[in-house]
Amino acid sequence: MTPVRVLIVDDDALVRSGLGLMLGGAPEIELVGEASDGAEVPDAVRRLRPDVVLMDIRMATVDGLTATRELRRWAEAPEVVVLTTFDADEHVLEALRAGAAGFLLKDTLPADIVRGILAVARGDATLSPSVTRQLIDLVEDPTGRTQARARLQTLTERELDVASGIGQGLSNAEIARSTFMALATVKAYVSRLLVKLSLSNRVQIALLVHEAALPQATDDQT
């Protein structure tokens with residue numbers, strides 16, 4: 001298995017050092033470099049070609065949110081995992097909406113950080129429904145819910161089934177079992193959803209589903 005190439009971006013030298021030591025002991029991960037500010041990210045990504053960027057949100061010159069938005073506009077952008085000391089705040093939500101594939105608390109156990117990075121690299125990253133709900137509650141409003149539901153109404157029944165599974169925090173394999181579809185078919189539906197909804201990863205699908213309150217909306221139609 002080829003190691004996942006990781007770039008650490010944080011303005012705290014101690015955090016960078018600690019993460020570096022932690023990830024250096026994981027054979028599945030190759031730490032390719034560090035950056036101390038979002039302004040350094042574009043050049044570092046071009047030079048080092050990481051698969052995953054661990055991105056601090058609050059940095060002095062260019063914050064992680066701005067750096068994430070720029071990266072996710074690239075044709076072959078690395079995945080971004082947000083680093084934060086707060087488990088659910090507006091900055092995390094905005095980073096996820098900008099295209100980050102998930103977030104990790106800075107005091108997360110080392111093994112869980114490694115698992116999170118590997119999950120993101122596989123494209124399986126998502127958020128638990130409880131965490132997603134906390135984030136959506138921060139900015140929930142009727143207009144946003146109406147707009148989210150309108151976007152989901154463009155989906156076919158099968159696409160909606162897959163989107164709902166993603167919103168529940170299910171993996172592709174779990175969605176396949178619950179919908180009686182082949183795993184390859186579910187993966188194809190996920191790819192189709194990303195294109196159809198103009199989203200960049202499954203975390204954004206989960207956010208859209210929760211913002212639309214999809215489970216309640218589906219129940220009302222039965």
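Before moving on, here are some points about what is shown:
- Rounded to the nearest 10 degrees, the inclination of helix 183-196 to the longest alpha-carbon principal axis of the chain is 90 degrees.
- Rounded tilt (10° steps) of 129-139 against the dominant C-alpha axis of the chain: 90
- The magnitude of the dipole of the chain, with charges of +1 and -1 set on the Cβ of Lys/Arg and Asp/Glu and taken from the Cα centre, is near 840 debye.
- Selection from 194, 100, 206, by position along the positive dipole direction of the chain (Cβ): 194
- Within a Gaussian network of the chain (alpha carbon springs, distance under 10 Å), most fluctuating of 146, 156, 61: 156
- With 5 Å bins from 0: P(r) over the chain, alpha-carbon pairs, percent: 1, 7, 15, 19, 19, 16, 11, 7, 4, 1, 0
- Acute angle (nearest 10 degrees) that the helix 142-152 long axis makes with the longest principal axis of the chain, alpha-carbon atoms: 80
- Amide H contacts of residue 35: 8, 9, 10, each under 5 Å away and 5 or more positions distant or on a separate chain (H built 1.01 Å from N in the peptide plane; Pro and chain starts excluded).
- Amide H within-cut-off set for residue 29, under 5 Å, with H built and near neighbours excluded: 4
- Converting phi to 3J(HN,Hα) with the Karplus coefficients 6.51, -1.76 and 1.60 and the offset θ = phi - 60°, region 10-16 yields 7, 7, 9, 4, 5, 5, 4 Hz in sequence order, with x at every glycine or proline.
- Listed residues 25, 116, 64, most fluctuating in the chain (Gaussian network, C-alpha, under 10 Å): 25
- Model label zone, residue 85; criterion: amide N under 14 Å from point 7 Å along Cα-to-beta-carbon; scope region 94-111: 105-108
- Candidates 27, 39, 8 compared by Cα position along the dipole of the chain: farthest toward the positive end lies 27, with charges placed on Cβ.
- In sequence order, region 98-109 has phi-based couplings of 6, x, 4, 8, x, 9, 10, 6, 5, 9, 4, 4 Hz under the Karplus curve 6.51 cos²θ - 1.76 cosθ + 1.60, θ = phi - 60°, and Gly or Pro positions carry x.
- One chain, two ends: residue 195 and residue 46. Fully extended at 0.36 nm per residue, the span grows by 51.1 nm beyond their Cα-Cα distance.
Only the coordinates and a few stated rules stand behind these numbers; no lab work does. In this text the structure is predicted, and so the values were computed from the model without any measurement. Neighbour counts run over all protein chains shown; Cβ positions are idealised from the backbone, glycine included.
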